[in-house]
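Only the coordinates and a few stated rules stand behind these numbers; no lab work does. Computed from a prediction, not measured in an experiment: that's the story for all the values here. For neighbour counting, all protein chains shown are included, and Cβ atoms are generated from backbone atoms with ideal geometry for every residue, glycine included.
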């Protein structure tokens, strides 16, 4: 199945680009997607998993995600990864 990953914010865009399609096996979870992104980008092992529990926000089809291992993805899903936003 194919899912779309959209990145927002300079840190995450530098790692994965603004938008990319990722092919995953049936029944894949958001955790599986993060591991696939690590393999595709050939970046330091663990960078994608480090997003979990950090200030980054992950959404699947506009729904906020707290536990990536529990989110099963479906064909055509859009996964957004948003960098922390600060202001003042």
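Percent of Cα pairs in region 2-82 per distance bin of 5 Å, from zero to the largest separation: 3, 16, 30, 31, 16, 3, 0.
As a footprinting exposure proxy, order 85, 78, 12 by other Cβ within 10 Å, with the fewest listed first.
85, 78, 12
DSSP beta bridges fully contained in region 2-82 are about 70 percent antiparallel. Of the residues 21, 1, 58, the one with the fewest other Cβ atoms within 10 Å heads the list, and the complete ranking is 21, 1, 58.
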